[in-house]
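Since the structure comes first, as structure tokens, the remarks are kept for the end.
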Amino acid sequence: MASVLLLGATSDMAVAIARKFAADKYDIILAGRDMESLQTLQADITIRYNVKAVAVKFDVLDYSQHKNFYQQLPFKPDISICIVGYLGDQQKATTDWNEADKTIATNYSGPVSIINVIAEDYASRKSGVIVGISSVAGERGRQSNYFYGSAKAAFTAYLSGLRNSLHKDGVHVVTVLPGFVYTKMTADLKLPAILTATTNEVAIAVKKAIAAKKNVIYVKWFWRWIMLIIKLIPESMFKKMKL
Ligand SMILES: NC(=O)c1ccc[n+]([C@@H]2O[C@H](COP(=O)([O-])OP(=O)(O)OC[C@H]3O[C@@H](n4cnc5c(N)ncnc54)[C@H](OP(=O)(O)O)[C@@H]3O)[C@@H](O)[C@H]2O)c1
């Protein structure tokens, strides 16, 4: 029976992805900081889908524990999905290093630390799929979120290099660029409905991307073209825009 590890399993996106895989009889490992929420979700998934589900404590910033965390999992996942992220307070981060550092570490250094451990295992087993939820915010830095965006840019580049490195071992790496999604993270933002995906759409896109061995996906197809246009704007004009 196949299994999936969800890092950042309390996120709305992760819950939708977990349900999608459980519905297809995958066993599920829910990893995150909030054990109470994870145990509630674990019980719900076990009863609803009749699969094995476990909840495991995981902090992406606790680098020294990442090897232990992975070694002690009750079973090794065939698919590992890193959903962890932190939007951060852009304004605060410009003057408060702790906020900037937390944004960078939660979106980049932490995910890299745990994915390195998983990648080592998958490379030796010559199988496995690693999925990283990155962001279109990483495709061009903007004044409204360049701490988050630059960390996601680095994460996207890391996933690209990892995909290249693990190809010879038969390990596949998928980069997911969701565009806007209705979740806790964006609850305070006014998102244009036409451009915004639901968590269920993200879950469907992730599952399809794994099955079709896609490399980089945009959850809603038009984000690829929106970002292409944004990237084509000359820097001399871009720097004057309020984005
Ligand atoms: N929503 C969007 O429009 C959008 C767009 C593009 C990309 N994304 C990305 O999609 C992913 C999921 O985001 P979301 O929208 O579902 O937001 P979310 O609900 O805020 O999810 C963030 C997840 O990261 C976890 N997390 C944060 N710091 C952590 C830490 N130190 N250790 C372990 N887990 C930690 C959170 O756990 P806690 O519950 O413990 O805080 C939560 O599970 C993120 O990577 C985000 O950057 C979101």
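The values are calculated or read from the model by the stated rules, or taken from the named source; none is laboratory data. Everything quoted here is computed from the prediction, not taken from an experiment. When we count neighbours, we look across all protein chains shown, and the Cβ atoms used for this are built from the backbone with ideal geometry, even at glycine.
Restrict the check to region 153-175 and report whether at least one residue is closer than 30 Å to T95 by Cα and surrounded by fewer than 16 Cβ atoms within 10 Å (Cβ to Cβ).
Yes, region 153-175 contains at least one residue that is closer than 30 Å to T95 by Cα and surrounded by fewer than 16 Cβ atoms within 10 Å (Cβ to Cβ).
Looking only at region 208-243, which residues are more than 18 Å from the chain's Cα centre (by Cα), among the β-branched types (V, I, T) and part of a helix (DSSP H, G or I)?
Across region 208-243, the qualifying residues are I226, I229, I230.
Taking the stated definitions as given, is V176 touching a helix residue (DSSP H, G or I) at 6+ places or on another chain (Cβ under 9 Å), part of a helix (DSSP H, G or I), under 29 Å from A100 (Cβ atoms) and near the ligand (Cβ under 10 Å from one of its atoms)?
no
Checking the structure you have, find out if any residue of region 77-89 is at pLDDT 95 or above, over 27 Å from V136 (Cα atoms) and buried (at least 19 other Cβ atoms within 10 Å of the Cβ).
yes
Collect the residues in region 114-133 that are among the polar types (S, T, N, Q) and over 19 Å from the mean Cα position of the chain (by Cα), keeping them in residue-number order.
S124, S127
Does T183 satisfy the criteria of being within 26 Å of Y70 (Cα to Cα) and within 13 Å of the ligand (Cβ to nearest atom)?
Answer is no for this residue.
Can S127 be described as surrounded by fewer than 22 Cβ atoms within 10 Å (Cβ to Cβ) and either of a type outside the set (F, W, Y) or free of Cβ contacts under 8 Å to residues at least 40 places away in the same chain (or both)?
Against the criterion (surrounded by fewer than 22 Cβ atoms within 10 Å (Cβ to Cβ) and either of a type outside the set (F, W, Y) or free of Cβ contacts under 8 Å to residues at least 40 places away in the same chain (or both)), S127 qualifies.
So, of the residues in region 28-55 that are within 11 Å of the ligand (Cβ to nearest atom) and part of a strand (DSSP E or B), which turns out to be surrounded by the most Cβ atoms within 10 Å (Cβ to Cβ)?
A31
Taking region 77-113 on its own, how many of its residues are over 19 Å from the mean Cα position of the chain (by Cα) and of a type in the set (K, R)?
So the count comes out to 1.
Got a sec? Which of A205, A157, A187 is without any contact (Cβ under 8 Å) to a residue 40 or more places away in the chain and either in a loop (DSSP other than H, G, I, E, B) or polar (S, T, N, Q) (or both)?
The conditions single out A187.
Out of K20, K67, K25, which single residue is surrounded by fewer than 23 Cβ atoms within 10 Å (Cβ to Cβ), more than 20 Å from I130 (Cβ to Cβ) and of a type in the set (K, R)?
Just a single option satisfies the conditions, and that option is K25.
Cβ-Cβ distance below 8 Å, separation of 6 or more or different chains: which pairs start in region 5-29 with a residue that is more than 14 Å from Q42 (Cβ to Cβ) and of a type in the set (K, R) and end on one that is more than 14 Å from the ligand (Cβ to nearest atom) and in a helix (DSSP H, G or I)?
What qualifies is K20/I204; K20/K207; K25/Y49.
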